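Reviewing the structure listed below.
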């Protein structure tokens, strides 16, 4: 009888290897891809060599302090720390699912003492059992659970990379805006000095009766407005400094960045990326695709509930009156068992679970495709922004040069008494506005380049070049 039972168990184990896994095999969702980006015309791409050593993408801005701060984000940022913990949790779930593929062994030990009224001495018994149970993966349910957990862990890794890229991009953007605020402050300081000089000139002309008091009042108004703008700029810079501190995981009170007297306008030339490459470069797309793979495995897991499950159990042990007796002369006990469970009726529960898993899969496919489309949109948006901002910078540079020359000429004519002070105020306002607009366009180009780097997934070879000048 025992031999027959063991043969049955062995036949079940051998046949488990020949059953086909239930559920659909995973295929990456199809996604129609354009051959090139619509706004890529005029995209003069750098040519990084794949053989060159890779470096962090923010090095293209040629700022040692920026390099140092951005490197710290991946270590100190609390949002990234949360994503790291989520990834570690996903890895632990993979280990849990893999453990279900193997037998479970349990060691049980008991000691009892029973008093019987008719007995002279109490009855003692010491028992030790070693039990084992195992569920053969007949229909691939456990294997699919492992693969689903692995896909979720890979998705979590993609989300960690996305969070890291996002935090690094935000820090680089805030830092560049802070340096832009430094450049604006330097510009306003120069303008305030010029306005103060004009106030002095006008005041002297008023005292000798050459200029009316309205000229002096207008000059003082011009000076006060520039000083007000300067004060507001200090507040803006402080807020950017606070934001950088939080991104680095520090309290704003304990963090500061010294003002810079020079601002390097570094706008990198980016390597040309075709739409199909985004599927490999962007971590958010990779994470979305892995979520689809995990959802596909859930369909197989749900469908396997239509089929019987088998659980094998066995135990061996012994008991004796004393603990030493377990080693010298125990009474042995062993058992083997097979449990077969076949669903007969559950009011459509299994069917509804399969339908839910299939619907969840379609949802993840739609989210994946939407992520890809939004990635395309992001690249297109930043490409057109980069091109237009480059054109605007060229035009604003011409306007700045012309307005500065006009300002000097009008001021000289005012000293000679040839024009009214209103023309001086107008020329000064125009010149300052042109200079600030040029700085803003240059800053916008830098910020747009950061956004484009993030849009294409970030990072390339060390041969990326920068163009720029020092203001």
Self-check item: Residues of the stretch 321-357 satisfying the condition of being at pLDDT 70 or above, surrounded by 12 or more Cβ atoms within 10 Å (Cβ to Cβ) and closer than 19 Å to residue 107 by Cβ
Solution: 333, 334, 336, 337
Practice problem: Considering each of 248, 272, 234, 223 in turn, give the residue that is closer than 28 Å to residue 172 by Cα, in contact with a helix residue (DSSP H, G or I) (Cβ under 6 Å, 6 or more places away or on another chain) and touching a residue at least 24 places away in the same chain (Cβ under 8 Å). | Solution: 248
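Are any of the residues in the stretch 111-120 assigned to a strand (DSSP E or B), in contact (Cβ under 8 Å) with a residue 60 or more places away in the chain and farther than 30 Å from residue 90 by Cβ? Before you say what the answer is, go through the steps one by one.
Filtering the stretch 111-120 for residues assigned to a strand (DSSP E or B) gives 111-114.
Those still in the list that are in contact (Cβ under 8 Å) with a residue 60 or more places away in the chain too: 111.
From what's left, farther than 30 Å from residue 90 by Cβ: 111.
Looking through the stretch 111-120, at least one residue is assigned to a strand (DSSP E or B), in contact (Cβ under 8 Å) with a residue 60 or more places away in the chain and farther than 30 Å from residue 90 by Cβ.
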Exercise. Go over the candidates 211, 155, 190 one by one and state the one that is in the same structural domain as residue 293 (by TED's automatic domain parsing) and buried (at least 21 other Cβ atoms within 10 Å of the Cβ).
Key: 155
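Which is surrounded by fewer than 15 Cβ atoms within 10 Å (Cβ to Cβ) and in the same structural domain as residue 268 (by TED's automatic domain parsing), of 74, 111, 90, 82?
Values: 74 fails: surrounded by fewer than 15 Cβ atoms within 10 Å (Cβ to Cβ); 111 fails: in the same structural domain as residue 268 (by TED's automatic domain parsing); 90 fails: surrounded by fewer than 15 Cβ atoms within 10 Å (Cβ to Cβ).
Answer to the check: 82.
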Practice problem: Would you confirm whether any residue within the stretch 160-175 is more than 30 Å from residue 75 (Cβ to Cβ) and in contact with a helix residue (DSSP H, G or I) (Cβ under 8 Å, 6 or more places away or on another chain)? | Solution: no
Quiz prompt | Extreme residue, modelled with the highest pLDDT, among residues of the stretch 247-278 that are surrounded by 17 or more Cβ atoms within 10 Å (Cβ to Cβ) and part of a helix (DSSP H, G or I) | solution = 247
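Residue-wise test of (1) at pLDDT 75 or above; (2) part of a strand (DSSP E or B); (3) in the same structural domain as residue 129 (by TED's automatic domain parsing).
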{"residue": "297", "(1), (2), (3)": "yes, no, no"}
{"residue": "302", "(1), (2), (3)": "yes, no, no"}
{"residue": "315", "(1), (2), (3)": "yes, yes, yes"}
{"residue": "318", "(1), (2), (3)": "no, yes, yes"}
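Quick one: which of 217, 234, 240 is in the same structural domain as residue 457 (by TED's automatic domain parsing), surrounded by 17 or more Cβ atoms within 10 Å (Cβ to Cβ) and in a helix (DSSP H, G or I)? Even if it seems obvious, please write down each step before you answer.
Values: 217 fails: surrounded by 17 or more Cβ atoms within 10 Å (Cβ to Cβ); 234 fails: surrounded by 17 or more Cβ atoms within 10 Å (Cβ to Cβ).
After applying the criteria, what remains is 240.
The values are calculated or read from the model by the stated rules, or taken from the named source; none is laboratory data. Given the structure is predicted, the values throughout are model-derived calculations rather than measurements. Note that we place each Cβ from the backbone using ideal geometry, even for glycine, and neighbour counts take in every protein chain shown.
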